[in-house]
Amino acid sequence: MKTFTLDEANALIPHILKLLDELTETRNKLSTLGANLSSILEHASGNGGSKAGSEYAMELQSFNAQLSLFQDLGCELKDLDQGLVDFPSQRGEKQIYLCWKRGEPRVQFWHDVDSGMAGRQPI
């Protein structure tokens, strides 16, 4: 597992913000397409599908690819609505998470692996 220093985590924040914006936009498209999908699928059975179904599948594939980018970076998206991201790190011999959420100018908090956001402490 990749671990981050505070500087490494902070350097990724602009990239993370862009990814969060893309994920949010894609999720909103999925929500809109999904709201209309059930009635479309009822009418499309037996004829090989629909354009809306294909669009939904493509957006879902895009969403999954965007989520994979977080894994590739080594950080963990905890909550898309809050823009909450954890960065695995070390504090002495102990594994912790550096914790950041959208709206914060930089990583300013950390928490134990088991405590989550409720256990956030200032760095």
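Of the residues that make up segment 9-27, is at least one among the β-branched types (Val, Ile, Thr), at pLDDT below 90 and farther than 24 Å from Gly116 by Cβ?
No; the residues of segment 9-27 include none that is among the β-branched types (Val, Ile, Thr), at pLDDT below 90 and farther than 24 Å from Gly116 by Cβ.
Please specify each residue of segment 70-94 satisfying the condition of being without any contact (Cβ under 8 Å) to a residue 60 or more places away in the chain and either within 16 Å of Arg120 (Cβ to Cβ) or touching a Pro at 6+ places or on another chain (Cβ under 8 Å) (or both).
Selection gives Glu76, Lys78, Asp79, Gln82, Leu84, Asp86, Arg91, Lys94.
Quick one: which residue in Thr3, Thr32 is among the hydroxyl-bearing types (Ser, Thr, Tyr) and either closer than 17 Å to Lys101 by Cβ or modelled with pLDDT of 95 or more (or both)?
Exactly one residue qualifies, and that residue is Thr3.
If I ask for residues that are part of a strand (DSSP E or B), without any contact (Cβ under 8 Å) to a residue 24 or more places away in the chain and within 18 Å of the chain's Cα centre (by Cα), which ones from segment 95-117 would you list?
Those that are part of a strand (DSSP E or B), without any contact (Cβ under 8 Å) to a residue 24 or more places away in the chain and within 18 Å of the chain's Cα centre (by Cα): Tyr97, Cys99, Lys101.
Within segment 56-112, restricting attention to residues that are of a type in the set (S, T, N, Q) and closer than 19 Å to Leu30 by Cα, which residue is surrounded by the most Cβ atoms within 10 Å (Cβ to Cβ)?
Ranking the candidates gives Gln66 first.
The values are calculated or read from the model by the stated rules, or taken from the named source; none is laboratory data. Quantities reported herein were computed from a predicted structural model and do not represent experimental measurements. Positions of Cβ are generated from backbone atoms using ideal geometry, with glycine treated the same way; all protein chains shown enter the neighbour counts.
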